[in-house]
Amino acid sequence: MNNHHEANPGPLSGIKVLDLSSVVMGPFATQMLADLGADVIKIEPPSGDNMRKVGPMVNEDMGALYLHLNRNKRSIVLDLKTEQGRLACLALAKTADVFLYNVRPQAMARLGLSYEDVCAVNPAIVYAGAYGFGTDGPYAGKPAYDDLIQGMTGIPVLYEKNSGDEPRYVPLTLADRTIGLQAAIACLAGVIQSRASGKGQSIEIPMFEGMSQFVLGDHLGGKTFVPEKGDMGYARLLATHRKPYKTANGHISVLIYNDKHWKNFLLLIGREDLLEGSIFSSHSVRADNIAEVYSFVAQILAEKNSEYWLNCFARADIPAAPLYSVEDLVEDPHIKAVEQVVEMDHPTEGRIRTPGTLGKYSATPLKIYRHAPSLGEHTEEVLKETDLDQSVIDSLINNTGRSKP
């Protein structure tokens, strides 16, 4: 095993991933694989990943989002539009387990890096494409971005129904990160199958279909049945009052959900008379009257301050939490205790904060063992691990203008 695997004993140690993706979706998928111990080689064009230029930064091409999405990886620069760059990529693919890309398959074919091209040098490789639309549908090949996919899967319209406001996107790269998770799972599924059979495969992970699963899983509603039994939509999620409750001095998050919660709440506010024969009497009756139920709670909670209610709900065993800003989240004592925001020294960017690794692994603990790399920082190191001659490596480095670490 090379030094990389010795430095990182995570559960995916020994798996090599070629990451040709950029922006958020693909890099998020490979960041999770890297955190888990895979050797992720980030292949960037001479201009670098676009995300390098987004957000606050100390040095050019090292933007905040890039730093969070690309730690634990090695960066090399290859111009894949040149034959020399293409052949170097195929040389890397010979010993890789996963080849992940996020442009349209036609673009990969034009580069001479189609599944057939890559499979020819490594039949066991998992060739994973994460892009907008499945190739069997009429939207195949269309461009896709997070905003467009949120819009096409109905998320802004769900917001409009729930809030009474105009349609809005969720202020997160929700589609990118959701499909990034699915892409990471798909890559691992492919590796397990490949290692069992010796034969890899091409895998397609489309954004539109992936986000449709999330939305329809909640909101198929009456259309679940043939013939239909009522409208589409999950009424509780669409209720106008399903939002943080206003109190006398702010807002809190509360979910009075099961029969025990409701009994405790009605006793707490001195409304024992509503325990029987009212819209609060059972889960199904509450569900059928969810707008009125939430409206009732909103009126009650507005009368006293947040601290009062949080103390009352804690004593009554009713799920409740303070409403945080993102600034509050960073300072939360639990987030600090479980190291979900960690500080580390970056060799070029100085002291930085970044989200911690996720989950506890008793035998193979996770850690951040590599800083997010500068553009092409590991080009020579990585290419020396292939069967390419040193003269070819020197030529590749000279032709791409690799930045020095």
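The values are calculated or read from the model by the stated rules, or taken from the named source; none is laboratory data. Quick caveat: nothing in here was measured; it's all calculated off a predicted structure. Neighbour counts run over all protein chains shown; Cβ positions are idealised from the backbone, glycine included. Protein only, heavy atoms only, side chains kept; ligands, DNA and RNA dropped before computing areas. Shrake-Rupley method; radii C 1.70, N 1.55, O 1.52, S 1.80 Å.
Assorted remarks:
- Distance in nm between pseudo-label sites at Ile185 and Thr82 (7 Å out along the Cβ direction from Cα): 4.1
- Per-pair calculated FRET efficiency, R0 = 25 Å: Lys243 and Ser284 via Cβ, rounded to 0.05: 0.60
- Amide hydrogen proximity for Ile203: with H placed 1.01 Å from N in the peptide plane, the residues at 5 or more positions away or on another chain lying under 5 Å are Tyr127, Ala128, Gly129.
- Additional length obtainable on full extension of the chain from Arg177 to Ala120, 0.36 nm per residue less Cα span: 17.4 nm
- The sum of -39500 (n - 2.57) across all DSSP H runs of n ≥ 4, divided by the residue count of the chain, sets its helix-only mean residue ellipticity at 222 nm to -11500 deg cm²/dmol.
- Here each label is just a point 7 Å from Cα along the line to Cβ, and for Ala109 and Ile300 those points are 6.2 nm apart.
- Rounded to the nearest 20 debye, dipole of the chain from Cβ charges on Lys, Arg, Asp, Glu: 300
- Nearest-ten-degree value, helix 390-400 long axis tilted from longest Cα axis of the chain: 50
- Antiparallel bridges, percent of DSSP beta bridges restricted to the chain (to nearest 5): 35
- Helix 290-301 vs. the chain, principal-axis angle (Cα, 0 to 90°, nearest 10): 80
- Carbon + sulfur, % of accessible area of the stretch 278-405 - ligands and nucleic acids excluded, 1.4 Å: 52
- Scanning the chain for GluC sites (Glu not before Pro) that sit in a DSSP loop and have at most 13 other Cβ atoms within 10 Å, the longest stretch containing none of them is 61-227.
- Projecting the Cα atoms of Gly350, Thr247, Tyr361 onto the charge dipole of the chain, computed from C-beta unit charges around the Cα centre, puts Tyr361 farthest toward the positive end.
- Sites Leu275 and Arg168 - FRET efficiency at Förster radius 45 Å, r taken between beta-carbons, to 0.05: 0.70
- Based on C-alpha pairs under 8 angstrom that are at least 6 apart in sequence, the stretch 187-336 has a relative contact order of 22 percent.
- Phi angles of the stretch 198-214 translate, via the Karplus equation with coefficients 6.51, -1.76, 1.60 and θ = phi - 60°, into HN-Hα couplings of x, 10, x, 6, 8, 10, 10, 10, x, 5, 4, 5, x, 6, 4, 4, 5 Hz per residue; Gly and Pro are given as x.
- Computed E for Val54/Phe214 - FRET, C-beta separation, R0 30 angstrom, nearest 0.05: 0.75
- Per residue convex hull volume, Cα atoms of the chain, in Å³: 182
- Helix 25-35 axis, angle to the chain major axis (alpha carbon atoms, nearest 10°): 80
- Probe 1.4 Å, accessible area per residue of the stretch 212-362, Å²: 64
- J(HN,Hα) series, the stretch 264-280, from Karplus relation 6.51 cos²θ - 1.76 cosθ + 1.60, nearest Hz, glycine and proline x: 5, 5, 5, 5, 4, 9, x, 10, 4, 4, 8, 5, 10, x, 10, 5, 9
- Note on the stretch 37-193: with neighbouring protein chains present and a 1.4 Å probe, carbon and sulfur make up 60 percent of its accessible heavy-atom surface.
- Taking a straight Cα-Cα cut-off under 16 Å and skipping sequence neighbours fewer than 8 places away in the same chain, the lysines within cross-link reach of Lys384 are Lys16, Lys42, Lys94.
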